């Protein structure tokens with residue numbers, strides 16, 4: 001089933017509404033990806049949800065990415081949104097710095113974002129302002145680091161039987 | 001009763017709380033982490049007034065295995081072992097979904113025959129996934145008979161998987177670009193036998209439960225959710241369809257030539273346990289239809305794409321041919337070049353839209369791989385679905401949502 | 001129904017003589033009540049061995065005891081994370097003596113492929129294990145083979161083993177007290 005919307009039409013419509021807040025728009029692998037101002041994503045997602053033409057009202061996925069070498073924009077929060085009626089998908093990205101990894105929550109717009117934001121907090125330490133219950137979800141509460149950040153190891157180093165020489169390390 | 005015994009009982013906290021319940025005030029009940037009624041390790045702390053649930057709080061993460069971190073350390077062809085263990089009731093769907101994600105990234109063209117083979121395998125996996133769920137709904141309503149019927153058929157599906165790849169449950173099936181070998185004649189025979197025998201047993205199971213008065217009374221109205229709330233919670237898959245939304249990735253964004261097949265997307269109306277059961281039942285029938293069509297229309301051709309950088313060459317070529325030796329070395333050491341890029345690919349998994357968000361920086365491992373795990377997303381609606389119902393309905397709701405711990409906790 | 005092979009009996013007229021500890025051990029071995037602590041993939045294979053094709057009920061094990069108090073055998077099938085480890089230990093402590101532990105699958109035995117920050121690298125770090133079943137996941141035949149090995153242990157369980165100092169020393173290593181002393 002082909003989509004009723006084209007990437008160009010959607011980006012034009014979004015830009016006409018939020019001109020300067022859209023920092024970039026690309027279509028890698030034919031998937032419309034826009035980067036927006038960090039404090040504007042709540043407003044844009046709300047508008048996308050309510051817009052009569054786009055109807056991008058379904059939150060598919062939400063997650064974080066850590067880019068340690070990009071100074072000042074170390075963390076990305078990636079929203080995958082979808083319009084079931086128009087069969088159209090959109091990826092929305094925001095970047096925040098390591099010093100202040102704080103973004104607005106979208107739980108008030110999409111109830112399902114609750115656990116996805118908690119997971120992102122658990123993995124990356126990105127805090128979501130206004131989240132009703134922002135605590136760790138998968139890991140123990142006593143954990144004192146954010147394991148998906150690139151600087152932390154995968155293993156916890158408790159295995160004695162693993163000899164590094166046999167693993168090429 | 002002696003004074004000593006009286007004292008002892010009054011010291012006992014459980015006795016106190018049961019007294020509270022009798023008074024009509026609220027008690028706390030721990031359902032899980034290990035509870036006979038929950039299948040898997042989930043904790044639900046319920047606030048109950050007698051049998052009635054007033055609210056609940058969930059704790060998950062008891063089987064958190066760090067899939068996403070692990071994926072950042074593994075070459076692309078080794079990630080199938082992780083996807084196997086996501087939703088282990090239907091591993092081949094996850095495997096093939098991952099392979100298709102990488103194929104999208106490298107822009108590979110897959111032969112029609114390999115696509116049809118994938119469809120057959122994925123539909124078999126869907127059947128085996130739904131069989132577990134529906135058999136367990138039967139067990140939770142007190143009908144163990146169905147379980148014994150269906151698990152015998154599930155073993156047949158395992159036999160089929162074994163014929164293709166040598167493993168039963170965590171199949172690690174296929175390669176980036178297709179399959180490691182063509183379907184064997186034994187597989188075709190066994191598949192024909194399965195297609196002949198399974199519908200009979202399945203219909204017998206269906207007649208045991210579908211119109212059974214006790215079963216219907218027990219499941220109708222248990223754990224309902226409206227279409228609007230389900231969409232708010234980002235439901236997908238059978239649970240969303242049971243609520244009445246006809247969203248199916250196989251139809252909306254066909255992959256693997258699903259557009260070639262004629263099948264129906266069943267929907268329910270109320271989103272309760274009975275509807276979820278019936279949607280899965282009908283999907284099993286539709287899967288059988290798809291497999292039959294795919295077998296009938298199976299095109300000639302290769303079972304794999306022409307991607308030497310992802311296929312181990314035959315041993316004699318490795319010894320005699322320089323190019324084959326290089327490919328062999330690169331695959332074994334995980335040094336196959338991959339373009340940088342960013343893709344999202346989704347397939348209709350056993351429980352809904354299973355998505356792979358892959359960021360590649362051109363290195364030997366993914367820079368970031370996020371799994372969109374349908375179980376994780378829809379399980380958060382559980383407290384809302386059970387509030388106001390009884391404890392026994394809560395157990396049924398949990399099993400009919402088909403929450404798979406591996407997928408839930410990543 | 002399993003056979004009682006090792007039992008030496010002396011048949012007389014109207015009576016039968018044997019050693020009480022052997023009789024009890026044989027009775028135990030043929031009615032082991034398992035507690036399936038099934039967490040993930042291996043749990044599905046354990047369900048398979050409970051199902052009609054493999055049917056552990058043949059060995060007097062059809063009664064799944066989900067309550068630890070009545071269980072003889074703890075079957076740990078699947079990954080145990082660090083978050084879950086204290087719960088597993090608690091379940092083990094709640095079981096009454098004599099008790100056995102079967103570790104099913106690579107994850108429970110050693111952490112398996114999941115050498116990660118969140119996974120316990122083998123349940124033998126928190127509780128003593130009697131039999132390990134390798135595989136990821138093991139086939140039902142393998143699980144049943146592990147159960148047979150447990151039966152062998154149960155058959156040779158003496159009446160006083162659990163009161164011995166060796167047993168106490170073994171549990172002391174895990175900071176677990178011997179039940180029922």
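What follows draws every value from the coordinates through simple rules; no lab data is involved. As the structure is a computational prediction, the values presented were derived from the model and not from experiment. For neighbour counting, all protein chains shown are included, and Cβ atoms are generated from backbone atoms with ideal geometry for every residue, glycine included.
Descriptive notes on the structure:
- Taking B:333, B:216, B:173 as the candidate residues, the one with maximal mean-square fluctuation in a Gaussian network model of chain B, Cα springs under 10 Å, is B:333.
- For the stretch B:276-367, the Kirkwood hydrodynamic radius comes to 17.3 Å, computed from all pairs of different C-alpha atoms.
- Annotation: the residues A:111, C:116, sorted from fewest to most other C-beta atoms within 10 Å of their own C-beta, follow the order A:111, C:116.
- Dimensions (Å) - the stretch A:86-157, Cα atoms, principal axes, largest first: 49, 26, 23
- Computed lengthening from residue C:124 to residue C:156, 0.36 nm per intervening residue step minus Cα-Cα distance: 9.3 nm
- Chain B - mean residue ellipticity at 222 nm from DSSP helices (-39,500 (n - 2.57) per run, n ≥ 4, rounded to 500): -16000 deg cm²/dmol
- Size descriptor, Kirkwood hydrodynamic radius, that averages inverse alpha-carbon separations across chain B, Å: 22.9 Å
- Simple spin-label estimate for residue B:340 and residue C:166 in nanometres, 7 Å along Cα-Cβ: 6.3 nm
- Taken over the alpha carbons of chain A as equal point scatterers, the Debye sum produces base-10 log I(q)/I(0) values at 0.08, 0.10, 0.11, 0.12 Å⁻¹ of -0.30, -0.45, -0.53, -0.61.
- Counted by neighbouring Cβ atoms within 10 Å, the residues B:233, A:152 run from fewest to most as A:152, B:233.
- GNM result for chain A, Cα springs below 10 Å: residue of A:141, A:21, A:104 fluctuating most strongly: A:141
- For the segment C:47-53, counting C-beta atoms of other chains within 10 Å of every residue's C-beta and taking the mean gives 6.
- The residue B:321 and residue A:151 beta-carbon pair, evaluated with R₀ = 45 Å, returns a calculated FRET efficiency of approximately 0.55.
- Cα Rg, Dmax (largest Cα-Cα span) when computed across chain C, Å: 17.1, 66
- Peptide-level mean, for A:52-65, of C-beta atoms on other protein chains within 10 Å: 4
- For the protein assembly as shown, the alpha carbon convex hull comes to 211 Å³ per residue, rounded to a whole number.
- Inter-chain shielding of A:133-140 (mean C-beta neighbours from other protein chains, 10 Å cut-off): 5
- Theoretical FRET efficiency, 1/(1+(r/R0)^6), r = Cβ-Cβ of residue C:69 and residue B:217, R0 22 Å, to 0.05: 0.10
- Counting beta carbons within 10 Å around each of B:151, C:10 and listing the fewest first gives the order C:10, B:151.
- Inter-site label distance for residue B:81 and residue A:109 at 7 Å from Cα along Cβ, in nm: 4.1 nm
- Modelled label positions at residue C:31 and residue A:140, each set 7 Å beyond Cα in the direction of Cβ, lie 4.0 nm from each other.
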